[in-house]
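J.: If you scroll down you'll find the structure; I have some questions about it.
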Amino acid sequence: MVEMESAPAAGMRVYVAVWAGLLLIVGVEVALTYAHLPTSTLLYALLALALTEAGLGVMYFMHLKYERRALFWSLIPALIFVFIMMNQFWSDAYRLRSLHQ
Amino acid sequence: MSESEMSLALGHGALVEGSPFGIDSKKLVMWLFIVADAATFGALLFGYGYLRVGSPNWIRPFGFIPTILNGMVMTAVLLTSSLTMLAAVSAAQTGRRAAAVRWLGATALLGMVFAALHLREWFNLFADGWSPSTNPMGGSVLFGGTFFGITGLHLLHVLCGVIALLVVALAFRRGRLDASHVETTGLYWHFVDLVWMFVFPLVYLMNAR
């Protein structure tokens, strides 16, 4: 069986720190939910925190930080582009809302 | 093994270029699957946002107790399962086969706990009159469809992950699979965890009373 060299990954100490950070972010998310923020402010705050969690998870837990940069640049920009393109439908959602009001 | 050595190891002395990404093919394929699956969950979450914005009578049914608290526990369980998965990968890569199998078992167990908490929540919602097409609180019936659709697809991923973890643990213990298989399975498991990092705030917290 052919095996590739494993990328040098972080140790368990780093993983535990990231895990604790992720738990802390979840706590912040719940606190923000009950801080009576406007809905749009809450949404943007939760999205920013979720993206931070995803970034930490992908880079450390999934080891993308320790892989060749070619892998990152081949995968992540394409995915971000897809998500950006999905945003073009919001105007139609607001049109639908105005029809029902 | 270096890439040139690997090229020779492919047999017949043929010179084959190494991967431009420096990873083996199963890991690359898992990454491609993850990107495609991320787009699927992204589309579902965008669809949920679309219906929510388009529905002026959207309701926020979730109280802190039991739903949000239960969601917090589920999140902590899933995050912890990622940590045990990392321990399994680390043990497998350093040749500690028995420890790797134990950590894989712990990860699968945490996955089962997550699924059990999720199903308990679902059955409580069913008992309260919720379903994918009914809303006992009045307002848009689309809430049930989006909630059960998104969380159901994620739960399906968790259950598939638990099965994969158990299969890989058994095969790894018998020596039929190696550390790279454990690492590839770990990629999938971490992805399932990361999807939940979007589902919990967007589907649970944004619907908290």
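J.: Which value, to two decimals, describes the C-alpha radius of gyration of the range A:23-62 once divided by 2.2 N^0.38 Å? Write out the running numbers ahead of the final one.
T.: Details: Rg = 11.2 Å, N = 40, 2.2 N^0.38 = 8.9 Å.
Rounded to two decimals, the normalised Rg is 1.25.
J.: From the C-alpha coordinates alone, can you work out the Kirkwood hydrodynamic radius of the protein assembly as shown, in Å?
T.: That comes to 20.9 Å for the protein assembly as shown.
J.: A further question follows. Using a Förster radius of 22 Å, what is the FRET efficiency between A:Arg68 and B:Ala39 based on their Cβ-Cβ separation? Nearest 0.05, please. Intermediate results must be reported in sequence, preceding the final value.
T.: Numbers: r = 23 Å, r/R0 = 1.04.
Plugging the Cβ-Cβ distance into 1/(1 + (r/R0)^6) gives 0.45.
J.: Moving on. Return the loop-located GluC sites (Glu not before Pro) in chain A (DSSP other than H, G, I, E, B) with at most 13 other Cβ atoms within 10 Å of their own Cβ; answer none if there are none.
T.: Filter output for chain A: A:Glu3.
J.: Taking only DSSP H segments of four or more residues, each worth -39500 (n - 2.57), what value at 222 nm results for the protein assembly as shown once the sum is divided by all its residues, to the nearest 500 deg cm²/dmol?
T.: On the way: 10 runs with 215 residues, N = 310.
Calculated mean residue ellipticity at 222 nm is -24000 deg cm²/dmol.
J.: In degrees between 0 and 90, to the nearest 10, how far off the longest principal axis of chain B does helix B:97-127 point, with axes built from Cα atoms?
T.: 20 degrees
J.: In degrees between 0 and 90, to the nearest 10, how far off the longest principal axis of chain B does helix B:69-93 point, with axes built from Cα atoms?
T.: 0 degrees
J.: In whole angstrom, and with the biggest value first, how far do the Cα coordinates of chain B range along each principal axis?
T.: 70, 34, 20
J.: Among the helices of chain A (complete DSSP H runs), which have Cα atoms covering no less than 24 Å along the helix axis and a Kyte-Doolittle mean of at least 0.5? List each step's numbers first, then the result.
T.: Numbers: long enough: A:12-33 (32 Å, 1.84); A:39-56 (25 Å, 1.43); A:69-86 (26 Å, 2.06).
Membrane-span-like by this rule: A:12-33, A:39-56, A:69-86.
J.: Please give the charge dipole size of the range B:23-207, origin at the Cα centre, charges +1 on K and R Cβ atoms and -1 on D and E Cβ atoms. Round to the nearest 20 debye. Working shown, then result.
T.: Values: 11 positive and 7 negative charges, 97 e Å.
For the range B:23-207, the charge dipole is close to 460 debye.
J.: Using 1/(1 + (r/R0)^6) with R0 = 22 angstrom and r between the beta carbons of B:Phe126 and B:Ile65, what's the FRET efficiency to the nearest 0.05?
T.: 0.75
J.: Projected onto the charge dipole of the protein assembly as shown (+1 at Lys/Arg Cβ, -1 at Asp/Glu Cβ, origin at the Cα centre), which of B:Ala39, A:Gln101, B:Tyr50 gives the Cα projection farthest towards the positive end?
T.: Sorting the options by dipole projection puts first A:Gln101.
J.: Under a crude label model (7 Å from the Cα following the beta-carbon direction), how far is B:Asp178 from A:Phe89 in nanometres?
T.: So the label points at B:Asp178 and A:Phe89 sit 4.3 nm apart.
J.: Most mobile of B:Val29, B:Val199, B:Val141 per a Gaussian network model of chain B (Cα springs, under 10 Å)?
T.: B:Val29
J.: Please work out the FRET efficiency for the pair B:Ala171 and A:Val16, using the Cβ-Cβ distance as r and a Förster radius of 35 Å; give the result to the nearest 0.05.
T.: Working: r = 28 Å, r/R0 = 0.80.
Once the sixth-power term is evaluated, E becomes 0.80.
J.: Any idea what the dipole of chain A comes to, in debye rounded to 20, about its Cα centre with Lys/Arg Cβ at +1 and Asp/Glu Cβ at -1?
T.: Numbers: 6 positive and 6 negative charges, 43 e Å.
So the magnitude is around 200 debye.
J.: In chain A, how does Rg compare with the Kirkwood Rh, expressed as the Rg/Rh ratio over alpha carbon atoms?
T.: Values: Rg = 18.8 Å, Rh = 16.9 Å.
Rounded to two decimals, Rg/Rh equals 1.12.
J.: What is the Cα centroid distance between the range B:94-162 and the range A:66-86, reported in whole angstrom?
T.: A separation of 28 Å, based on Cα centres.
J.: Would you mind computing, in nm to one decimal, how far apart the modelled labels at B:Lys26 and A:Val82 are, each placed 7 Å from Cα along Cα→Cβ?
T.: 2.3 nm
J.: So, one more: Where nothing but the Cβ of Lys and Arg (+1) and of Asp and Glu (-1) is charged, how large is the charge dipole of the protein assembly as shown around its Cα centre, in debye to the nearest 20? Don't skip to the end; give the middle numbers.
T.: Details: 18 positive and 16 negative charges, 108 e Å.
In debye, rounded to 20, the protein assembly as shown gives about 520.
J.: When chain B is modelled as a GNM with alpha-carbon springs shorter than 10 Å, which of B:Phe126, B:Phe143, B:Phe172 fluctuates the most?
T.: B:Phe126
J.: Right, something else. What are the semi-axes of the equivalent ellipsoid of the range B:96-209, taken as the square roots of 5 times the eigenvalues of the Cα gyration tensor, listed largest first and rounded to whole Å? Intermediate results must be reported in sequence, preceding the final value.
T.: Numbers: eigenvalues 247, 33, 22 Å².
Three semi-axes, in Å: 35, 13, 10.
J.: For the range B:162-209, what Kirkwood radius comes out of the mean inverse Cα-Cα distance, in Å?
T.: Details: mean 1/r = 0.0805 Å⁻¹.
Across the range B:162-209, the inverse of the average 1/r is 12.4 Å.
Only the coordinates and a few stated rules stand behind these numbers; no lab work does. Bear in mind that the values here come from a model prediction, so they are computed numbers and not experimental data. Cβ sites come from the backbone with ideal geometry, for glycine too, and all protein chains shown count toward neighbours.
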